[in-house]
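A quick write-up on the structure given underneath.
None of the figures in this text is laboratory data; all of them are computed from the coordinates on show. Please read all numbers here as calculations on a predicted model, not as lab measurements. Note that we place each Cβ from the backbone using ideal geometry, even for glycine, and neighbour counts take in every protein chain shown.
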Amino acid sequence: MGHPNGNINEATSGRIKVFIVPIKGPNIDKMLERHPYYAESTIAHSFYPYAKNTEDIETVGVKATFVTSKNMDDDIVYAVTKEVFEKFENFKSLHPAYEALTKQNMLKGLTAPIHKGALKYYREAGLDKYIDPKLIID
């Protein structure tokens with residue numbers, strides 16, 4: 001469920017006020033280490049202004065991963081990756097949930113092997129240092 005989410009927005013807008021429970025604390029790091037497909041995340045208070053919460057909400061979530069076949073042409077994957085990262089502010093404007101994205105945090109917590117075409121761009125841009133080395137298959 002991405003944010004802002006219509007169901008949560010509706011629940012927080014009624015006469016009965018809702019408090020969105022943060023997910024944080026000392027055991028979160030252990031959970032993230034054990035389950036790398038989760039990542040720390042923040043829900044902007046502005047997404048749900050009528051909730052009882054008065055600040056941004058710390059939580060965890062899953063990352064969306066853009067996947068393709070290893071058989072996809074390297075040049076095509078390179079071009080798509082480059083377009084997203086070179087026009088990053090345009091990409092971020094496509095949805096409010098992308099507001100907090102950084103190029104670095106998009107590459108942390110990935111679980112699928114990195115396609116050679118994408119890796120070529122990440123290396124050129126100096127972003128490969130943010131990728132788990134286990135996902136780099138040369």
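Of the trypsin sites (Lys or Arg not before Pro) found in the stretch 85-116, the ones in coil according to DSSP and having at most 13 other Cβ atoms within 10 Å of their Cβ are 87. The convex hull built on the alpha-carbon positions of the chain has an orientation-averaged projected area of 9.6 nm². Per residue, the chain reaches -9500 deg cm²/dmol at 222 nm when only DSSP H runs of four or more residues are counted, each adding -39500 (n - 2.57).
Here the chain is treated with +1 on each Lys and Arg Cβ and -1 on each Asp and Glu Cβ, and its dipole about the Cα centre works out to around 320 debye. Going down the table (87/134; 52/82; 87/108; 70/103; 24/116; 52/134), which pairs top 31 Å between alpha carbons? Exceeds cut-off: 52/82; 24/116; 52/134.
For residue 76, neighbours were defined as the other residues whose beta-carbon sits under 13 Å from its Cβ, and their charges (Lys and Arg +1, Asp and Glu -1) total 0. If only the Cβ of Lys and Arg carry +1 and only the Cβ of Asp and Glu carry -1, the dipole of the stretch 72-138 around its Cα centre is close to 220 debye.
Of the residues 42, 122, 54, the one whose Cα sits farthest towards the positive end of the charge dipole of the chain is 54 (charges of +1 on Lys and Arg Cβ, -1 on Asp and Glu Cβ, taken about the Cα centre). Relative to the longest principal axis of the Cα atoms of the chain, the long axis of helix 116-125 makes an angle of roughly 80 degrees. For the stretch 1-75, the calculated P(r) over all alpha carbon pairs, in 10 Å bins from 0 to the bin holding the longest distance, is 17, 37, 25, 14, 6, 1 percent.
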